[in-house]
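Novice: Here it is, the structure, as structure tokens.
The values are calculated or read from the model by the stated rules, or taken from the named source; none is laboratory data. Source: prediction; values computed, not measured. FYI the Cβ positions are ideal-geometry reconstructions off the backbone, even for glycines, and counts take in every protein chain you see. Just the protein is used for accessible areas: all its heavy atoms, side chains included, with ligands, DNA and RNA removed. Shrake-Rupley method; radii C 1.70, N 1.55, O 1.52, S 1.80 Å.
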Amino acid sequence: MLWKGVIPAITTNLQADLSVDHAALAAHCRWMIDSGCAGIVACGSLGEAATLSFDEKIAIVRTCVAAVGDRAPVVLGIAALSTGEAVAMAQAAEQAGCQALMVLPPYVYSSDWREMKAHVGAVIAATQLSCMLYNNPPAYKTDFLPEQIAELAAEHANLHAVKESSGDVRRVTAIRAVCGRRLDILVGMDDAIVEGVYAGAVGWIAGLVNAFPVESVALFDYASRGDKARAAALYRWFLPLLRLDTVPKFVQLIKWVQAEVGRGTPHVRPPRLPLAGTDLAMTRAILDTALKNHPKL
């Protein structure tokens, strides 16, 4: 697995009855790759993984793999209440044709390094698939520190990358300081992408890419090749949208934007509810402004 470039954390397309829309999901995967994205991450936080059953997740993997073929790798987010379920999911994903795993700490339970290391270590060791550790302490209450990440990398040859979502771009530098080039570092918060690339990140697990893939790829490319003037101009336009990825209702927000640009539906599974009131008005205003001032790429 080449953990570089823009890799969408895709939304899970749902029908009105809230079942998974596999045809729409396949079309969405193809659009992402056609637009220059480097892979697909399915069933992450943005993919509403916590509301999907084990069997639904594996069915989604099969749909994504069939949709993109050998054009790009498909990655499954591995998150569960128990280590046993997470390990079983990793193994089932491998059998379903998944090429890599995004490994999360367990849902709900957050503890010390000894227990969290044992959990993610068991998942990484469960297959030969390339793995990316997902560090998102604001969401999952477990913070994998740079020295701990280096410890995992020393023990697991198939740990190849880190999705860094602590919100502190200095972590990119800190991880690089202890791991060197052993691990690829990818930005996991949309509104830190340019800063993260300048600090040494080589990939972006992106959210608003679900609605604006061409713009996301262009922004990443500008930043990666050091075209700071173009990166700054596009970033200024994009930032109000990218910030939608960093708030509790990010799933509803991104799905609504995606639907408004004609690439999906806003349906979400409870406890999430469709946008309403001030949330809807705010998001509509952000999107209207962005579309009115869309830059030439």
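Novice: Looking only at the chain, where both bridge partners belong to it, what percent of the DSSP beta bridges are antiparallel (to the nearest 5)?
Specialist: 5
Novice: Shifting gears a bit: From the residues SER35, THR289, PRO266, which one has its Cα farthest along the dipole of the chain in the positive direction, the dipole being from +1 and -1 charges on Cβ of Lys/Arg and Asp/Glu about the Cα centre?
Specialist: Result: THR289.
Novice: So, one more: Roughly to the nearest percent, how much of the accessible area of the range 234-297 is carbon and sulfur, given a 1.4 Å probe?
Specialist: That fraction is 59 percent.
Novice: Any chance you could list P(r) for the range 1-65, counting all Cα-Cα pairs in 10 angstrom bins from zero, rounded to whole %?
Specialist: Cα pair-distance distribution for the range 1-65, in percent: 22, 56, 21, 1.
Novice: Same structure, new question: Taking the alpha carbon gyration tensor of the range 36-140, what are the square roots of 5 times its eigenvalues, largest first, to the nearest whole Å?
Specialist: In descending order, the three semi-axes are 22, 14, 13 Å.
Novice: Also, quick follow-up: Students often get this wrong: which residues of the range 75-112 have the backbone nitrogen under 14 Å from the point 7 angstrom along Cα-to-C-beta of ALA118?
Specialist: 82-84, 106, 110-112
Novice: Can you work out the FRET efficiency for the pair TYR109 and GLU151, with r the C-beta to C-beta distance and R0 = 25 Å, to the nearest 0.05?
Specialist: The formula returns an efficiency of 0.75 here.
Novice: Going down the list LYS163/LYS228; LYS228/LYS292; LYS141/LYS163; LYS228/LYS296, which pairs span over 18 Å between their C-alpha atoms?
Specialist: The answer is LYS163/LYS228; LYS228/LYS292.
Novice: Pick out, from SER82, ALA229, VAL214, the residue whose Cα sits farthest towards the positive end of the charge dipole of the chain, with +1 on the Cβ of Lys and Arg and -1 on the Cβ of Asp and Glu.
Specialist: ALA229
Novice: Counting only protein heavy atoms, what percent of the accessible surface of the range 71-219 is carbon or sulfur at a 1.4 Å probe?
Specialist: 55
Novice: Which whole-number percentage describes the relative contact order of the chain, with Cα contacts under 8 Å and a sequence gap of 6 or more?
Specialist: 18 percent.
Novice: What accessible area per residue, rounded to a whole number of Å², is obtained for the chain using a probe radius of 1.4 Å?
Specialist: On a per-residue basis, 40 Å².
Novice: On to the next question. Per residue Cα convex hull volume for the chain, in cubic angstrom?
Specialist: 117
Novice: So what is the 222 nm mean residue ellipticity for the chain from helices alone, if each DSSP H run of at least 4 adds -39500 (n - 2.57) and you divide by all residues, rounding to the nearest 500 deg cm²/dmol?
Specialist: Calculated from helices alone, the mean residue ellipticity at 222 nm is -14500 deg cm²/dmol.
Novice: Is there a quick way to get the dipole size of the chain? I mean about its Cα centre, with the Cβ of Lys and Arg at +1 and of Asp and Glu at -1; what is the value in debye to the nearest 20?
Specialist: It comes to approximately 660 debye.
Novice: If each of MET282 and ARG182 carries a label point 7 Å out from its Cα toward its Cβ, how far apart are those two points in nm?
Specialist: In this crude label model, MET282 to ARG182 measures out at 4.1 nm.
Novice: Quick check on the range 113-270: take the gyration tensor over C-alpha atoms, sort the square-rooted eigenvalues as a ≥ b ≥ c, and tell me if it's rounded (a/c under 1.5), prolate or oblate.
Specialist: oblate
Novice: Pull out the extension gain between LEU273 and LEU239, defined as 0.36 nm times the separation in residues minus the alpha carbon to alpha carbon distance; nm, one decimal.
Specialist: 9.8 nm
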